Amino acid sequence: TRTPVNVTVTGAAGQIGYALLFRIASGQLLGPDVPVNLRLLEITPALKAAEGTAMELDDSAFPLLKGIEISDDPNVAFDGANVALLVGARPRTKGMERGDLLEANGGIFKPQGKAINDHAADDIKVLVVGNPANTNALIAQAAAPDVPAERFTAMTRLDHNRALTQLAKKAGVTVDAIKRLTIWGNHSATQYPDIFHAEINGKNAAEVVGDEKWLAEDFIPTVAKRGAAIIEARGASSAASAANAAIDHVYTWVNGTAEGDWASMGIPSDGSYGVPEGLISSFPVTVKDGVYSIVQGLEINDFSRARIDASVKELGEERDAVRSLGLI
Ligand code: NAX
């Protein structure tokens, strides 16, 4: 029998946590034959709510769930962690400037990065979901000098999945017909969903759609502003779809991409495609044996170049801001 994999989830009592934990425990994060131990990290006032969720996990009698531990101490919650899902973050509240937001999140992600550095397992894989996800991942990564930088990733898979469905609807197909879509840059309104290399039933998606006005004025803003549209409709931010994307991200990272396809992940740049080295930016990646690689050699047209550059510029500004705050 396999040793259980230790999966740490922060913000476990939040709404994404509630949608995520049951799917992890059912085997959808790592695979249907992989037992898991769950470690829930919450702030002290939310420990009781986390215990409530743990009671429901108990009541689900998941055969793969071997244990649940709850803590408000990152040093405990990340001890021996093989996978860490950093969901809990400080949301932007009314009147909060970007600097305040980055500083508040630095107070969360810096100590968590340090705890991962000091206590996680050697094979730790980290996914940051909590916003601003790319820069929070950068803060955690910088606080973990003993962990290879590429183990710190940020979630753009929800944007990727949103783009898949918007493109499928436009083309009159279902999402399984689409391959090689890419989200570039920051998980923010500047992100760039790129269909120029995507394929719909094996044909170039941009040619199939053949509508640059739709691309610029409909598709890109719809994908980029989808989070706000969900809040408007639901009265609460994306939760189940965000949890689903987190599952997809880690499952792909562990189990690989399908032949002929790729995924989007926010990862430390190696300088590919003119993205400054070290910035945590979204790229097209293939994954094999638990290791991702940036898809190389894609031709970037002027339309894409301008949009990638704009999003990467924003990431550079966020990095400069957290650097001047002493967070990295
Ligand atoms: P909730 O406010 O429902 O839950 C957040 C939880 O995190 C709370 O229970 C809170 O107590 C906990 N928390 C706060 N500080 C903590 C700390 N230092 N350690 C451990 N836990 C802590 O938010 P939810 O809707 O679950 O969203 C969580 C985060 O995901 C937010 O930052 C949100 O902006 C972000 N999102 C990111 C997405 C992405 O695509 N990357 C999409 C969905 C979502 O908007």
Here are some conditions: (1) more than 11 Å from the ligand (Cβ to nearest atom); (2) buried (at least 18 other Cβ atoms within 10 Å of the Cβ); (3) at pLDDT 95 or above. F22 meets all but one. Which one does it not meet? (2)
So in the range 1-19, with the set limited to residues that are part of a loop (DSSP other than H, G, I, E, B) and among the hydroxyl-bearing types (S, T, Y), which one is farthest from the ligand (Cβ to nearest atom)? T1
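Please specify each residue of the range 240-262 satisfying the condition of being away from the ligand (no atom under 14 Å from the Cβ) and either under 13 Å from the mean Cα position of the chain (by Cα) or among the β-branched types (V, I, T) (or both).
Listed by number, the residues that qualify are Y251, T252, W253, V254, T257.
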Does the range 232-239 contain any residue that is part of a helix (DSSP H, G or I), near the ligand (Cβ under 10 Å from one of its atoms) and of a type outside the set (S, T, Y)? no
Selection from the range 71-105 of residues within 17 Å of P132 (Cα to Cα), in contact (Cβ under 8 Å) with a residue 40 or more places away in the chain and among the acidic types (D, E) yields E103
Within the range 227-240, the count of residues that are touching a helix residue (DSSP H, G or I) at 6+ places or on another chain (Cβ under 7 Å) and crowded, with 19+ Cβ neighbours inside 10 Å comes to 1
If you go through the range 188-229 one residue at a time, how many are in a strand (DSSP E or B) and of a type in the set (A, V, I, L, M)? 1
Over the range 219-231, the set of residues over 13 Å from Q191 (Cβ atoms) and more than 12 Å from the ligand (Cβ to nearest atom) is A229
Can you tell me which residue in the range 41-70 is farthest from T1 (Cα to Cα), limited to those that are buried (at least 18 other Cβ atoms within 10 Å of the Cβ) and not hydrophobic (A, V, I, L, M, F, W, C)? E42
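The values are calculated or read from the model by the stated rules, or taken from the named source; none is laboratory data. Remember, it's a predicted structure, so these values are computed and weren't measured experimentally. Ideal geometry is used to build each Cβ from the backbone, glycine not excepted, and the neighbour counts take in all protein chains shown.
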